[in-house]
Amino acid sequence: MKINIAPATKNQMPVIQNMARFYAYDLSKSCGFYQLYDWSFPENGLYEGLDVSKYWQPNYYPFLIRVDDELAGFALINKIGSDPDIDWNMGEFYIVGKFQGKGVGKQVAIDLFNLFPGKWEIAQMPPNIPAINFWKKVVEEYSNSHFTETKKIFQNPKSNERIVLQFNNENKS
């Protein structure tokens, strides 16, 4: 499999917005009863997904992921962490179901970490056990177990607890 990660252009925003519907659907499997968002299945049958438009502003970095030239997901990185010393935050990360469990997500995460040296933060909702397991395994391996794992209260969109992983890859060779 040939994995390609490319910055998403403003013209590609609708593509990521459309994929965000599937991202929301996948999240509803584990987080559907977590009261952070309204996970009700819409009467029109289409999840709206998150609004990705802010990712084309300064300090936001949207990426499209392809496997063998096929659309395979997105990564939305920003510089807004829970601590002021955070350099990079994995805002949203989605790999299409077809490519999940095949090493694509891990390789994309590593490539993105290497692209952006500094202090990283990745936060997950507590009921999202698949994401918690995925990120802990990837970060533990990538950082040689030099990371912190804490629980923090976030205030946006409303007060909620998150599992937060932080590590620094500034000196990684």
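Net length available on complete extension from E48 to T148 is 32.7 nm, with 0.36 nm assigned per residue and the Cα-Cα distance removed. Only one of (1) 17.7, 61; (2) 33.5, 117; (3) 15.6, 51 was calculated from the structure for Rg and Dmax of the Cα atoms in Å, and its label is (3).
The modelled label-to-label distance between F116 and N168, using points 7 Å beyond Cα along the C-beta direction, is 1.8 nm.
Amide H contacts of F147 (H built 1.01 Å from N, in plane; Pro and chain starts excluded): no residue 5 or more places away or on another chain comes under 5 Å. Here the Karplus relation 6.51 cos²θ - 1.76 cosθ + 1.60, evaluated at θ = phi - 60°, turns the backbone of the stretch 13-20 into coupling constants of 3, x, 5, 5, 4, 5, 5, 4 Hz, with x for every Gly and Pro. Holding the Cα-Cα limit at 26 Å, pick out from K98/K119; K102/K152; K2/K151; K10/K152; K2/K98; K10/K172 the pairs that are longer than that. Correct reply: K98/K119; K102/K152; K2/K151; K10/K152; K10/K172.
The numbers here are math on the coordinates, done by the rules we state, and not lab data. As the structure is a prediction and not an experimental result, all values here were calculated from the model. Every residue, glycine as well, gets a Cβ built from its backbone with ideal geometry; the counts of neighbours run over all protein chains shown.
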